[in-house]
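Engineer: Below are the structure tokens for one structure; questions will follow.
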Amino acid sequence: MDAFNPLDPQLAIDPYSAYANLRNEEPVHMSALGAYVLTRYEDVATLLSDTETFQHQYVTQQKLRAGPDVEKQPYFDYFRRMIFVSDDPAHRRLRLLVSKAFTIKRVQALRAPAEQIARALMEEKAKARHMDFIHEFTLPFPLRVIGTILGIPEEDHETIGTHATALNPVLEFLPMAPDVLARANSAVELLAEYFTDLAAKRRAEPTDDLFSALVHATEDGDTLSDEELIANAILLYVAGHETTAGGTGLALHSLHKNPEQWRLLKENPERIPAAIEEVLRYDTPGQGTARVATKETEFSGVHIPEGSILLGYIGAANRDPEVFPEPNRLNLERDFKKLPRPLTFGGGAHMCIGRLLAMQEFEVALSLLCTEYPQLEVDEAALEFRPTPLMRGLEHLPVHW
Ligand code: HEM
């Protein structure tokens with residue numbers, strides 16, 4: 001079959017038929033990028049959970065993507081210290097320290113502020129009764145929520161959010177255009193300066209928020225170094241808005257395309273918490289992730305040499321018919337108690353640390369739409385997908401009510 005190109009812009013609009021072809025014909029496929037593409041649930045789950053055989057090896061991956069000089073880029077110096085690309089033993093240590101600060105209690109305490117933020121964003125458009133749901137709701141909502149949990153003063157949310165958004169392209173497989181790269185480098189330096197100042201304040205005077213908790217987190221006398229603290233605060237800001245914003249837009253899009261399911265939620269809003277798993281399985285914001293094979297191995301009978309790059313397509317795994325019956329159907333009554341967990345939030349040691357926060361944000365947003373804006377409609381003709389196949393989402397989603 002033709003080599004699958006992970007950078008094909010068509011994938012940003014509809015990746016699912018290409019995944020289905022691959023899964024049927026060649027579930028372990030050497031792609032046009034020179035990396036293996038995995039599309040079966042079982043294979044992607046193994047890639048995520050076997051951290052001895054499959055590692056991030058961030059330096060190797062970035063050199064392949066951006067050339068040998070990538071280490072000179074300012075963004076690289078921060079990103080290589082982030083928990084989501086680190087390997088053991090560094091990962092285990094970072095995960096312990098970050099988990100100490102990112103507690104369930106802290107997430108639960110954010111529910112009422114999150115509801116207020118969501119309501120205020122919709123009310124800003126009370127007179128106009130229309131908005132671009134992406135730019136006026138799904139992006140500012142998680143940015144304000146993550147700003148609030150980190151304890152960023154409200155007047156800084158917008159500036160910090162703009163810098164964090166400029167870092168989104170770093171998370172893609174796509175090579176960055178020079179202007180995008182320059183914006184990302186400048187944003188990372190501005191964010192680092194901001195968090196360095198804030199760390200000094202929180203060190204002198206601790207406050208009850210996630211950033212202050214990170215500043216003071218200790219495990220057996222160990223703490224985050226200054227560089228790790230700054231890099232991982234930046235990561236929480238980036239990881240904390242990009243996927244949630246993408247997912248909220250995709251959720252509304254999926255419900256719009258499946259009006260009987262949308263009606264089911266509006267008539268039974270108590271079903272929202274249970275329905276979120278399916279909404280995110282059906283159309284997943286984080287479509288894939290990459291690892292490097294640390295030794296020779298095999299997937300579904302295909303030999304994988306040591307040093308190979310493997311792309312695990314979470315979006316494809318979540319639609320594997322061997323695991324999820326009728327995978328291309330949005331079925332909000334799907335009973336996940338009897339099924340393996342979708343890989344939306346990853347699996348194994350790197351499983352998303354913000355899962356509960358993200359689920360809470362979806363619950364808040366969907367509950368508000370179902371109960372207070374049941375007449376809201378999507379203007380289908382003007383919607384537009386983002387050009388980024390890995391971080392899937394919409395660029396514009398006009399709605400009116
Ligand atoms: C719908 C929303 C979200 C999705 C789909 C998502 C997805 C994921 C996935 C797939 C991974 C694992 C990646 C891998 O193994 O290569 C991950 C890790 C991570 N996520 Fe999320 N995420 C979401 C929201 C959030 C939020 C709200 C935060 C923080 C505020 C967050 C912070 C993180 C961090 C720090 C990691 C790295 C954990 C580690 O490596 O130990 N995510 N996420």
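Engineer: Could you tell me which numbered condition Leu366 fails, if it satisfies all but one of (1) in a helix (DSSP H, G or I); (2) closer than 30 Å to Lys127 by Cβ; (3) in contact with a Lys or Arg (Cβ under 8 Å, 6 or more places away or on another chain)?
Structural biologist: The number of the failed condition is (3).
Engineer: In this structure, does Asp50 turn out to be within 14 Å of the ligand (Cβ to nearest atom), of a type outside the set (Lys, Arg) and either surrounded by fewer than 20 Cβ atoms within 10 Å (Cβ to Cβ) or at pLDDT below 95 (or both)?
Structural biologist: yes
Engineer: Does at least one position in the stretch 320-337 carry a residue that is among the aromatic types (Phe, Trp, Tyr) and either crowded, with 22+ Cβ neighbours inside 10 Å or within 24 Å of Gln57 (Cβ to Cβ) (or both)?
Structural biologist: yes
Engineer: Quick one: count up the residues across the stretch 369-401 that are buried (at least 18 other Cβ atoms within 10 Å of the Cβ) and in a helix (DSSP H, G or I).
Structural biologist: Qualifying residue count for the region: 2.
Engineer: Can you list residue pairs whose Cβ atoms sit under 7 Å apart, with the first residue in the stretch 129-156 being within 19 Å of Leu229 (Cα to Cα) and the second being β-branched (Val, Ile, Thr)? Count only pairs 6 or more apart in sequence or on different chains.
Structural biologist: Every condition considered, the pairs that remain are Gly147/Ile160; Gly151/Thr207; Ile152/Ile160.
Engineer: Next question. Sort out for me the helices (runs of 4 or more DSSP H) sitting completely within the stretch 1-81 that have 1 or more residues that are small (Gly, Ala, Ser).
Structural biologist: 10-13, 16-25, 41-49, 58-66
Engineer: If a residue has to be part of a loop (DSSP other than H, G, I, E, B), over 18 Å from Pro6 (Cβ atoms) and of a type outside the set (Val, Ile, Thr) to count, how many in the stretch 284-322 make the cut?
Structural biologist: Of the residues in that region, 10 qualify.
Engineer: I want to confirm something. Restricting to the stretch 74-88 and keeping residues that are surrounded by fewer than 19 Cβ atoms within 10 Å (Cβ to Cβ) and modelled with pLDDT under 95, which single residue is nearest to Leu311 (Cα to Cα)?
Structural biologist: My answer is Arg80.
Engineer: Then there is this: So in the stretch 338-352, with the set limited to residues that are surrounded by fewer than 20 Cβ atoms within 10 Å (Cβ to Cβ) and part of a loop (DSSP other than H, G, I, E, B), which one is farthest from the ligand (Cβ to nearest atom)?
Structural biologist: This residue is Leu339.
Engineer: Could you give every pair whose Cβ atoms fall below 6 Å, whose first residue belongs to the stretch 334-353 and is farther than 16 Å from Glu52 by Cα, and whose second residue is hydroxyl-bearing (Ser, Thr, Tyr) and more than 6 Å from the ligand (Cβ to nearest atom), counting only separations of at least 6 or pairs across chains?
Structural biologist: Thr344/Thr284
The values are calculated or read from the model by the stated rules, or taken from the named source; none is laboratory data. Quick caveat, the model's predicted, so the values are computed rather than measured. Methodologically, a virtual Cβ is constructed for each residue, glycine included, from the backbone with ideal geometry; neighbour enumeration extends over all protein chains shown.
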